[in-house]
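Trainee: To start, I am sharing the structure in question, which I have written as C-alpha cells.
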Amino acid sequence: MEMLKPIRLILCALSFTLTSSQREENGDPRDTYQASFLYYQKAEYARDCKEVFDQCPASNASGVYLIKPDGYPDSFEVYCQNIESSGWTVIQRHFDGSLNFNRQWEDYKLGFGFLKTEFWLGNEKLSYLTNQAVYELRVDAVFANGNEVQVSYDRFRISDEWSNFSLVHARYSNTVGTFTQCPVNMVYGNCTNPLTCEDPVGSNGLYGNCIGNENCICTDGFLMKGDQCVDPSECSCFVPDEGIVLHEKGTLVNSDCSVEYTCLNQTLTENSAYNCDPNAECKVVSQTRRCYCNEGFDGSGESCMTIFAGCLEAYNAGHRENGVYTILPSGWSGLPFKTSCNMEIDGGGWTVFQRRSDGSGDFYRNWESYKQGFGNVSNEYWLGNEKLHYITSQRSHMVRIDVITSDGALLYDKYTTFAIQSESRGYRVSSLGTHSGDGGEGFHRIQGESFSTYDRDNDGWSSYNCAENHRGAWWYSNNWIHCYPDHHCNYWSEAGSCRHICTRANPNGEYNGGQGVNIFWYDYGPCYVKSIEMKIRPS
C-alpha cells in the first residue's frame with residue numbers, strides 16, 4: 001500500500017467517509033464553533049452532519065458543529081465537511097504528524113486530538129453513529145508524491161465496546177485516483193537503498209533517503225534479489241547454520257571458530273580448515289567473532305607470533321625468515337607496530353626503516369608523514385622518524401644500506417653507530433660512526449644535520465629548499481659548493497657553472513624521476529637506483 005501523507009475520516013448520514021483531500025486553514029481548534037441549536041428551528045440536536053446541513057441549509061460551511069446520535073447520552077462536537085452538498089462527519093484526520101496516534105484502548109474509545117487539526121473522534125461515538133442509520137465510508141488519501149486516491153465502502157458499521165468495537169460490515173464499492181499495486185512481499189514507500197542480498201545489513205546506507213520518489217520496497221524480513229523480494233534463505237550467501245546473509249566480500253566465523261564463511265562474487269565458500277593458534281582465543285570483539293591472538297602475541301589468530309622488542313630479539317629467538325614482524329621496543333609508550341626484519345644479511349636481526357623497490361609508494365610527503373611513518377611494510381615504506389629516534393636513543397645501533405643500481409650492481413654502506421635526536425631537535429643525526437663498504441659513503445656529511453621535508457625546511461640554505469628541489473625528504477646539508485662536471489646527479493643549479501650540493505644521497509626521491517629529483521645514492525657512480533634498503537641493528 002502507498003505511503004500516506006495527509007489523511008482524514010468523515011461521516012455522513014448514508015455516508016461515512018475517510019478523506020485527506022485538503023488541509024483546513026490553521027486555527028485554534030477551540031475557536032468559536034457554530035452550535036447547531038442556534039440555527040435549528042427545533043430544539044433537538046442533529047444526529048450527524050448530514051442532518052446539520054439538511055436542517056439548516058442557510059449555514060452549509062464546513063466547520064465544527066454539535067450533534068447527538070440516537071441513544072448517546074450527551075451532545076458532542078464534530079467536524080462537518082460539506083462535499084458536493086452532502087454533510088460528511090469527519091471521524092479521523094492525520095496529515096502532519098503533530099499528534100501521537102500510538103495510544104491505548106481508552107484513548108481510542110473516548111477520542112483524542114483537535115477537530116481542526118489531527119484527531120480521532122472516538123470508537124464509542126462512532127458506534128452510536130453507525131448504528132442509527134445506514135452509512136457509507138469514504139477514505140480520501142494523498143500520498144507523498146502527490147497522488148490522490150478515494151476509496152468508498154457502503155453499509156459501514158461497527159459494534160459496541162462489549163464486542164470490542166469490531167467491524168460489523170464494510171462493503172467495498174469504488175476506488176478513484178492513482179494507486180500502485182506492489183508485487184508480493186513488497187510495500188509502497190519513498191526510501192532509497194533497500195536491503196539487498198548483496199548488502200543485507202545496510203552498509204551502503206540503509207534507507208538513507210526517505211524523501212525521494214516513492215516505489216515498491218521489501219517488507220521487513222525480506223531482501224531484494226534482482227527485482228524481487230525474497231526470503232533471506234534464497235540469497236546466494238545465506239549461511240544456514242547462522243541464519244544470516246553475508247554481504248559481498250563479507251566473512252563470518254562460526255560459534256566455535258572451526259569454520260570460516262566468505263562471500264565473494266555472490267558465492268559462499270566454506271573454509272573448514274579454519275582454527276585458532278594455541279596462543280589465540282575464539283571470541284567476539286566489536287561484534288566480530290574470530291580467533292584473536294592473546295596478549296603478547298600478534299597475528300591473524302590462526303597464526304600468532306610473540307611480540308618481540310626488536311628484530312634482533314626475534315632473530316635470537318630462532319626466527320630466520322625475512323618478513324613482517326610486530327615489535328614493541330622496551331619502554332615504548334605507544335602500541336606495538338609492524339616492521340620488516342631482514343634475518344639473512346650480515347648476521348640477521350636488522351630492523352628495516354626504509355625500502356624502495358618498485359616506485360609503488362609516494363615518498364614526496366610532509367613532515368607529519370615522515371614523523372609517523374607510511375607505506376606498505378612488506379614493500380616500500382618509511383618506518384617513521386619518531387620510532388627511529390626512540391629505537392636509536394635506547395642503546396647504540398649500527399646502520400647498513402644495501403643498494404642495487406640501475407645496471408644491476410650490488411653496493412652497500414655500513415656505519416658502526418647511528419642515532420637521531422627528538423622532533424624538537426629536528427630529528428638531527430647525532431651519531432654516525434666509522435664507515436665500511438663499497439657504496440660510496442652516501443651518508444657523507446649528514447652527521448649534525450636535521451631532517452627536512454618540503455613543508456619543514458631545515459637544510460640551512462636560505463636560497464632554496466633542498467627537499468622541494470630534490471622532490472624528497474632527507475638529512476640535507478648546506479656545506480658544499482663545488483664545480484662538478486654535468487654527469488653528477490646530486491647537484492642543484494645556481495648562477496654560473498658551479499653547483500650547490502644538498503646531499504650525496506636522495507633515497508626518498510622520485511623512483512623514475514629526472515636528474516636531481518630521482519633516487520640516487522652516491523655521486524661517483526650510476527645516478528639511478530633500482531632498489532635501496534636501510535636498516536639498523538643494536539651494535
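Trainee: Determine, for region 307-538, the count of lysine pairs separated by eight or more sequence positions (or lying on different chains) whose alpha-carbon distance falls under 14 Å.
Mentor: 4
Trainee: Let me ask something else. Residues with beta-carbon under 9 Å from that of W120, excluding W120: net charge, scoring Lys, Arg +1 and Asp, Glu -1?
Mentor: Value of the local net charge: 0.
Trainee: Could I ask something else about it? Along the Cα-to-Cβ line of N131, 7 Å from the Cα, sits a label point; which residues in region 151-174 have backbone N less than 19 Å from it?
Mentor: 155-171
Trainee: Another one. If you take every residue apart from K249 with its C-beta less than 14 Å away from the C-beta of K249, what net charge results, scoring Lys and Arg +1 and Asp and Glu -1?
Mentor: In short, -4.
Trainee: Same structure, new question: At a Förster distance of 30 Å, what's the computed FRET efficiency of Q394 paired with D438, Cβ-Cβ distance as r, to 0.05?
Mentor: The value I calculate is 0.50.
Trainee: Binning at 5 angstrom from zero up to the longest distance, how are the C-alpha pair distances of region 213-313 distributed in percent?
Mentor: Over region 213-313, the share of Cα pairs per 5 Å bin runs 2, 12, 16, 17, 14, 11, 9, 7, 5, 3, 2, 1, 0 percent.
Trainee: Please order T306, T326 by the number of other Cβ within 10 Å, starting at the fewest.
Mentor: T306, T326
Trainee: Tell me the net charge near A170. Cut-off is 12 Å between Cβ atoms, A170 excluded, with +1 for each Lys or Arg and -1 for each Asp or Glu.
Mentor: +2
Trainee: Multiply the residue gap between D346 and N147 by 0.36 nm, knock off their C-alpha separation, and tell me the result in nm, one decimal place.
Mentor: 63.6 nm is the gain from fully extending D346 to N147.
Trainee: Can I ask one more? What ranking do M534, M224 get, fewest neighbouring Cβ atoms within 10 angstrom at the top?
Mentor: M224, M534
Trainee: Can you tell me which lysines have their Cα less than 28 Å from the Cα of K116? Leave out same-chain residues fewer than eight positions away.
Mentor: K116 reaches K5, K42, K50, K68, K125.
Trainee: When the chain is fully extended, how far beyond the present Cα-Cα distance does F114 get from S360, taking 0.36 nm per residue of separation?
Mentor: Full extension of this stretch gives 81.6 nm more.
Every number here is computed from the coordinates shown, using simple stated rules; none is lab data. Keep in mind it's a predicted model, so treat the numbers as computed, not measured. As a convention, Cβ positions derive from the backbone with ideal geometry for all residues, glycine included, and neighbour counts pool all protein chains shown.
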